[in-house]
Amino acid sequence: MHDALARLQDATALWSVNPSTAADVIDTACDCLVVGIDSPTLRIIAGISPTRGNESDELRRWLEGALAELSLTYYPAGSREGEEAALRVMARRLLTQTIAPRDLTSWAYRFVTWDGTPLAADLIALDNAYDYVDSVYNGHPYTSTTSADLDADVMAEARRLVGDTTALSY
């Protein structure tokens, strides 16, 4: 049951910064019901039609109440707290090897941006560094830094974001 609640919290955090869809949150709400997690408003969310259209408006109407019933955190769309929670979700995905280091940096660049939470600044800078490392001038690389070097830096930043102080190696 705890895993289903954690997935619901992650889905709602990602939805608050807009990289996931209302359907992702609705599907996760259904998963919660299947494993026995239940609340009146969760049932309403699970019943929202995930077809394109007004599902986001309908979800916005009920989500805060459903999360409160389940003692989960609600992140308003575009909030700094939501960005930070979503950033940690993505960092955990990297550490569990669900995504690649470059995927994390490009996600931060695209969905959090320089105007977002300062927690994403190092990842966004690393996304720019990947572009620099990939560049070639007159047939020669600009730098001796490699993508593997940057991957290690991204892994270290992901561990910092999730509070993992152990020396994980992937």
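The values are calculated or read from the model by the stated rules, or taken from the named source; none is laboratory data. Everything quoted here is computed from the prediction, not taken from an experiment. Here the Cβ positions follow ideal geometry from the backbone for every residue, glycine too, while neighbour counts run over all protein chains shown. Side chains are part of the model used for accessible areas, which takes the heavy atoms of the whole protein and leaves out ligands, DNA and RNA. Shrake-Rupley method; radii C 1.70, N 1.55, O 1.52, S 1.80 Å.
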Roughly speaking, to the nearest percent, how much of segment 1-109's 1.4 Å accessible area is carbon and sulfur? 49
If I ignore ligands, DNA and RNA and count only protein heavy atoms, how much of MET155 is accessible to a 1.4 Å probe, in Å² to the nearest 10? 20
What value, in deg cm²/dmol to 500, does the helix sum -39500 (n - 2.57) over DSSP H runs of n ≥ 4 give at 222 nm once divided by the residues of the chain? -19000 deg cm²/dmol
So what is the accessible area of the chain per residue, in Å², with the probe set to 1.4 Å? 54
Restricting to DSSP loop positions (anything but H, G, I, E, B) with no more than 11 other Cβ atoms inside 10 Å of their own Cβ, which trypsin sites (Lys or Arg not before Pro) remain in segment 13-64? ARG52
Using Cα springs under 10 Å in a Gaussian network model of the chain, which residue among ASP38, ASP24, ASP57 shows the largest mean-square fluctuation? ASP57
